[in-house]
1. Nearest 0.05, what FRET efficiency do Lys179 and Ser114 give at R0 = 45 Å with Cβ-Cβ as r?
2. What percent of all Cα-Cα pairs in the range 85-233 falls into each 10 Å bin, going from 0 up to the bin containing the maximum distance?
3. Just grab the label-to-label distance for Thr155 and Arg132, each label 7 Å out from Cα along the Cβ direction, in nm (one decimal).
4. Per residue of the chain, what 222 nm ellipticity follows from adding -39500 (n - 2.57) for every DSSP H run with n ≥ 4, rounded to the nearest 500?
5. Grab the beta carbon distance between Leu193 and Ile107, set R0 = 56 Å, and tell me the FRET efficiency rounded to 0.05.
6. Specify the angular offset, from 0 to 90 degrees and rounded to the nearest 10, of the alpha carbon long axis of helix 208-225 from the longest principal axis of the alpha carbons in the chain.
7. Return the single residue from Glu278, Glu219, Glu183 with maximal mean-square fluctuation; model: Gaussian network over the chain, springs between Cα atoms under 10 Å.
8. What percent does the relative contact order of the chain come to when contacts are Cα pairs within less than 8 Å and at least six residues apart?
Amino acid sequence: MAEPVLKLAPSLQPAKPRAAATLTNALRKRMRFILLVVVPAIAVVAGFVLYMMGGRYVSTDDAYVHAAKLMVSTDVSGLVSEVDVHEGQAVKAGDVLFRVDPRQFQIALANAKSNLAQTALTLQAMKQDYGRMQQDIAAEQSLVDLDQATFDRDTQLLRTNAVAQSTYDQARFTLEGDKRKLESLRKLSEVQLARLGGNADFDVTQHPQYLQAKAQVDEAERQLDHTVVRAPFDGVATQVAALQPGTYLVAQTAALTNTGAIALVATGDVWVDANMKETDLTHVKTGDRVKVWVDTYPGHVWSGTVESIAPAAGSEFSILPAQNSSGNWVKVGQRVPVRVRIDPKSEKLQLRAGMSATVEIDTGHRRTLSELF
C-alpha cells in the first residue's frame with residue numbers, strides 16, 4: 001500500500017527561491033546604477049582630468065638627426081701629394097687631412113720675398129737720391145748767385161763803356177741758363193719728394209710700395225700654408241676615396257665636384273630637426289625640455305632642449321611653392337622645423353647624421369577652465 005504524500009501549505013514552503021530572486025533583482029538594480037550613473041560619472045571625471053593635464057606634451061616622429069658636415073678643401077690649385085686619413089677615421093681639429101704639392105708655392109714665396117727686398121733697396125736709394133738732388137740744388141744756387149753778381153757788375157760797367165757788349169750779353173745768357181737749370185733741379189726734387197710720400201725722412205717699411213710688396217709675400221705665405229689642409233673641427237672623415245694622390249685639385253670647383261675635398265662629419269655638434277605640425281606649436285618655446293628616441297637604439301632616451309623654432313614653414317623654402325590661386329584649394333597642415341640641441345652624454349652610443357628619431361617636447365603648459373568653455 002502506497003504511503004500518503006504530505007502536501008504543505010503555501011505559507012509553509014521553503015523561502016530560498018524567493019530570497020534568491022530578490023537578491024538577483026537587487027544586483028541588477030545596482031549594476032544598472034553603476035553602468036548608467038557611476039561609470040559615465042567616472043568617464044566624465046577622467047576625461048576632465050585628462051583634458052586638464054593634456055596639452056603639455058607634443059610629439060612627432062618626423063624628426064631626423066643632423067650634424068655639422070663640410071666638404072673640406074683648399075683655395076689653392078695644385079697636385080695632391082699626400083692623403084693622411086682613411087675612410088671613417090676620427091680626427092681632431094687641426095689634424096692634417098691631405099696635402100697639395102708645395103713646390104710651386106715655395107717658389108712664389110721666394111720670388112715675393114726677393115721682390116720685397118728689392119723694393120726696400122729701391123726706396124732707400126730714392127732717399128739717398130733725394131739728398132743728392134738737394135746738394136745739386138744748393139750748388140746750382142751758388143752758381144746762379146755768382147752769375148747774378150757778374151751780370152750786375154757788367155751792367156754797371158756797360159753804362160760807362162768799360163766792358164764790351166758781348167761780355168754783357170754773355171753774362172746775361174749765362175745767368176738765364178743757370179736759373180732755368182736751377183728751376184729744373186727743383187722740379188725734379190719735388191717729383192722725387194712726391195714719390196717718397198712727401199717726407200724725405202720716411203720709414204721704408206711704411207711706404208706704399210713696400211707695403212704692396214709685403215702683401216705679396218703675405219699672400220704667398222698664405223697660399224703655401226693652405227697646401228696643408230687640416231680639419232676645422234672634431235669629426236669623422238668620409239668620402240676619402242674620391243681624393244687620391246696625383247689628383248689635380250682645381251680650387252674653384254673642388255668642393256662642388258667632391259673630387260678635391262674630403263667630407264668631415266662633426267661628432268660633437270649634433271642636433272635633431274623635428275618637423276612639427278603648426279597646430280602643435282601653440283605653446284612650444286625656446287628652452288623647453290625635450291626627450292628624443294632614435295630608431296637605431298630602441299628604449300634609449302636622449303634629453304635636450306628646444307634651441308630654435310624656424311621663422312617659416314618648410315614649404316616656404318621649396319623651389320616650387322604651392323600656388324592656391326585656382327580656387328580648388330584644400331587646406332593642408334604645415335610643418336615647421338624645430339631644432340633640438342642634444343645634451344652632452346657620456347654614453348658611447350653614436351648618433352649619426354640622417355638617423356630617424358621621435359621627439360616629445362614638454363611645453364610646461366597647464367590647461368585652464370577658460371580653454372574648456
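1. Values: r = 45 Å, r/R0 = 0.99.
So the FRET efficiency works out to roughly 0.50.
2. Once binned at 10 Å, the Cα pair distances of the range 85-233 give 10, 20, 16, 14, 12, 9, 7, 5, 3, 2, 1, 0.
3. 3.6
4. -13500 deg cm²/dmol
5. 0.90
6. It works out to around 40 degrees.
7. Per the Cα network of the chain with a 10 Å cutoff, Glu183 tops the list.
8. 30
Here, each number is a calculation from the coordinates, and none is a lab measurement. Bear in mind that the values here come from a model prediction, so they are computed numbers and not experimental data. Positions of Cβ are backbone-derived with ideal geometry, glycine not excepted, and every protein chain shown enters the neighbour counts.
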